[in-house]
Amino acid sequence: MEHYRITILGTGYVGLVTGVCLASFGHKVTCVDIDVKKIVGLKRGVMPFFEPGLASLVRHQVKQKRLQFSTDAHASIPGSEMIFMTVGTPAKRDGSVDLSYVRDAADMIGPHLRGQEIIISKSTVPVGTSQTIRRIIRRHFRGPFAVVSNPEFLREGVALKAFSRPDRVVLGYEPKTSATVKRKMRSLYRFARGRIIQTNTETAELIKYAANVFLAGEISFINSIARLCEEVGTNVEDVARALRADPRIGQKAFLNAGIGYGGLCFPKDIRALIKMSKRIGYRFSYLNVIEEVNRDQRKLFVDKIRRLVPRLRGAKVAILGLSFKPDTDDMRDAPSIEIIKRLLCLGAKITATDPVAIPTAHRIFGNSITYVPDAASALKGADVAGIVTEWPIYRRLNFTKVRRLMRHPNVVDGRNIFDPKKMALLGFRYDSIGRKNFSPSVTPLYT
Ligand code: UGA
């Protein structure tokens, strides 16, 4: 197996996971970032974010001398056969993609090339960005190099597994890409066991948006079905189970109804695709509907809390879970943010807990809410509890004990992790998303 010298430009989520995984496959990797604090931390084994298994793998690969960290791209790029671009592509105010980091990275690469390098674009970027990268590099270097579009599909919380055992690897090539470059890319992704989809750069760029929008669409679809279920008194989980049994939909379909999607990717990519489509004159109205349904789910959750506790002023609301999903401390566009802000506006006193995201939450809410280390402390004396993130430890809560802890036994479960019948039997006024209520005093919201 061939091993390559690789530079990764941008040591964020995708960059760090890509770097450490490629190092574990035997390549010599340097992860570069302009954030000095981050690189100093990584050199000391401090991870910039929480991801299960990442810290130990990074430390091991550093020890094996296959992985190193640097702030100096100018020193690292010369001599690298492959240069990954994994810089951030944040959203601009109008929803379009800010490509300035991509452009800066391309500008930095150009002067250091010697010939035959492969520049691999992994950031989520609008269609045509690979050509932009080529144009910028060309300004500095006239020799041969290749640009490959290789979007990343990893999921936070399961990132290492998602990278090392991918469902598919998409490789988008420029028209005149040589057989040698293609062979090297196949060799690099040998661990994908042939699950490689080869296409041109534009298609590869679009695939990434299509994939995320499709998944977000599934979520908004099932959340709309959940609304119907509440109206007619049926169960969205039964509907989802039946849908998943259809192989054309599949067991892993994103059909968990709840308070909707959050995170960096889905919200940003939907907005970017709306912009991209508009620019070429296509009104992709489906995307607006996905967004609207998602926004409404957050409002619905607060409405459900208000239905159980109509006078929220001064009421103690326990929020269980702050991150946008379990196994991450990421709160970018997390439903918890909007939910907590709305509750604060209504005068509620928030006591929040999360296994790992409290430091992140502190940066967002400061001292406007109270943070506690565990669910029991949050629930103590609470008038209502809101389940916002389905962390496994919350699934194991002993509700007989919880009943005694709370001042009033009101629970709104935004992730459908508890059994409505059992909760009613235990004496809770319990509400969830798209499921029948068994607590006598909870009436459906939309009748
Ligand atoms: C998502 C995609 O799943 C990845 O394939 C993609 O590579 C990544 O974005 C990216 O573009 O980088 P991620 O944002 O890490 O990954 O998280 P997901 O597990 O997809 O969850 C996203 C949101 O949807 C979460 O808030 C989650 O709670 C919500 N969700 C997910 C639901 O509400 N219902 C579901 O059935 C599934």
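Of all residues in the range 163-181, how many are under 10 Å from V17 (Cα atoms) and either surrounded by fewer than 13 Cβ atoms within 10 Å (Cβ to Cβ) or not polar (S, T, N, Q) (or both)? Walk me through it before giving the result.
Initially, the range 163-181 is screened for residues under 10 Å from V17 (Cα atoms), giving 163-164.
Okay, now just the ones that are also either surrounded by fewer than 13 Cβ atoms within 10 Å (Cβ to Cβ) or not polar (S, T, N, Q) (or both), so 163.
The qualifying residues number 1.
Suppose we filter R283, R248 for residues that are more than 12 Å from the ligand (Cβ to nearest atom) and within 24 Å of G434 (Cα to Cα); which single one remains? Walk me through how you get there before you give the answer.
On the way: R283 fails: within 24 Å of G434 (Cα to Cα).
Selected residue: R248, the only one of R283, R248 that is more than 12 Å from the ligand (Cβ to nearest atom) and within 24 Å of G434 (Cα to Cα).
Of all residues being part of a helix (DSSP H, G or I) and among the hydroxyl-bearing types (S, T, Y) in the range 185-212, which is nearest to the ligand (Cβ to nearest atom)? Just the residue, please.
Y209
Is the range 172-184 home to any residue that is part of a strand (DSSP E or B) and farther than 30 Å from P392 by Cβ?
Yes.
Of everything in the range 58-90, what is in contact (Cβ under 8 Å) with a residue 60 or more places away in the chain, within 18 Å of I6 (Cα to Cα) and surrounded by fewer than 19 Cβ atoms within 10 Å (Cβ to Cβ)? Give them in sequence order.
Once the filter is applied, which keeps residues that are in contact (Cβ under 8 Å) with a residue 60 or more places away in the chain, within 18 Å of I6 (Cα to Cα) and surrounded by fewer than 19 Cβ atoms within 10 Å (Cβ to Cβ), the range 58-90 yields G79, E81.
Any residue that is part of a helix (DSSP H, G or I) and buried (at least 18 other Cβ atoms within 10 Å of the Cβ) - is there at least one of those in the range 247-258? Working first, answer last.
Here is the first cut: in the range 247-258, the residues part of a helix (DSSP H, G or I) are none.
The answer is no; no qualifying residue exists.
Within the range 308-335, which residues are more than 16 Å from the ligand (Cβ to nearest atom) and in a loop (DSSP other than H, G, I, E, B)?
Residues of the range 308-335 more than 16 Å from the ligand (Cβ to nearest atom): 308-318.
Across the range 308-335, the qualifying residues are V309, P310, R311, L312, R313, G314, A315.
For the range 341-359, does any single residue satisfy the condition of being at pLDDT 95 or above, among the acidic types (D, E) and under 15 Å from the mean Cα position of the chain (by Cα)?
Looking only at the range 341-359, we keep the residues that are at pLDDT 95 or above, and these are 341-359.
Now narrow it down to the ones that are among the acidic types (D, E): 354.
If we keep only those that are under 15 Å from the mean Cα position of the chain (by Cα) too, we end up with none.
No, because not a single residue in the range 341-359 is at pLDDT 95 or above, among the acidic types (D, E) and under 15 Å from the mean Cα position of the chain (by Cα).
Identify the residue in the range 114-162 that is more than 16 Å from the ligand (Cβ to nearest atom) and of a type in the set (F, W, Y) and, among all such residues, is nearest to I196 (Cα to Cα).
Among residues in the range 114-162 that are more than 16 Å from the ligand (Cβ to nearest atom) and of a type in the set (F, W, Y), the one nearest to I196 (Cα to Cα) is F145.
What are the residue pairs meeting all of these: first residue in the range 1-22, first residue under 21 Å from G157 (Cα atoms), second residue more than 16 Å from the ligand (Cβ to nearest atom) and among the charged types (D, E, K, R), Cβ atoms under 6 Å, and 6 or more apart or on different chains?
T11/D33
Among the candidates L255, L264, L215, single out the residue that is at pLDDT below 95, within 11 Å of the ligand (Cβ to nearest atom) and of a type in the set (A, V, I, L, M).
Details: L255 fails: at pLDDT below 95; L215 fails: at pLDDT below 95.
Selected residue: L264, the only one of L255, L264, L215 that is at pLDDT below 95, within 11 Å of the ligand (Cβ to nearest atom) and of a type in the set (A, V, I, L, M).
From the set of residues in the range 394-418 that are part of a loop (DSSP other than H, G, I, E, B) and under 27 Å from the mean Cα position of the chain (by Cα), which is surrounded by the most Cβ atoms within 10 Å (Cβ to Cβ)? If you could, list the steps in order and put the result at the bottom.
Filtering the range 394-418 down to residues part of a loop (DSSP other than H, G, I, E, B) leaves 396-398, 406-409, 414-418.
From what is left, the residues that are under 27 Å from the mean Cα position of the chain (by Cα) are 396-397, 414-418.
On the way: R396: 8, L397: 18, G414: 30, R415: 23, N416: 22, I417: 19, F418: 20.
It comes out as G414.
Just to be sure before I move on: is N288 of a type outside the set (A, V, I, L, M, F, W, C) and within 9 Å of the ligand (Cβ to nearest atom) in the structure I sent? Outline the logic, then answer.
Details: of a type outside the set (A, V, I, L, M, F, W, C): yes; within 9 Å of the ligand (Cβ to nearest atom): no.
For N288, the condition - of a type outside the set (A, V, I, L, M, F, W, C) and within 9 Å of the ligand (Cβ to nearest atom) - is not met.
So which residues in the range 163-184 are within 16 Å of the ligand (Cβ to nearest atom) and either among the acidic types (D, E) or within 15 Å of F25 (Cβ to Cβ) (or both), if there are any at all?
Residues satisfying the conditions are F163, S164, R165, P166, D167, V169.
Surrounded by 24 or more Cβ atoms within 10 Å (Cβ to Cβ) and touching a His at 6+ places or on another chain (Cβ under 8 Å): is that true of V384 in this structure? If you could, list the steps in order and put the result at the bottom.
On the way: surrounded by 24 or more Cβ atoms within 10 Å (Cβ to Cβ): yes; touching a His at 6+ places or on another chain (Cβ under 8 Å): yes.
So V384 fits the description; yes.
Hey, any hits in the range 91-98 for a residue that's of a type in the set (K, R) and part of a helix (DSSP H, G or I)? Talk me through it step by step, then tell me what you get.
Start the filter on the range 91-98 by keeping residues that are of a type in the set (K, R), which leaves 92-93.
Among the residues that remain, those that are also part of a helix (DSSP H, G or I) are: none.
Scanning the range 91-98 turns up no residue that is of a type in the set (K, R) and part of a helix (DSSP H, G or I).
The values are calculated or read from the model by the stated rules, or taken from the named source; none is laboratory data. Because the structure is a prediction, the values reported are computed rather than measured. Positions of Cβ are backbone-derived with ideal geometry, glycine not excepted, and every protein chain shown enters the neighbour counts.
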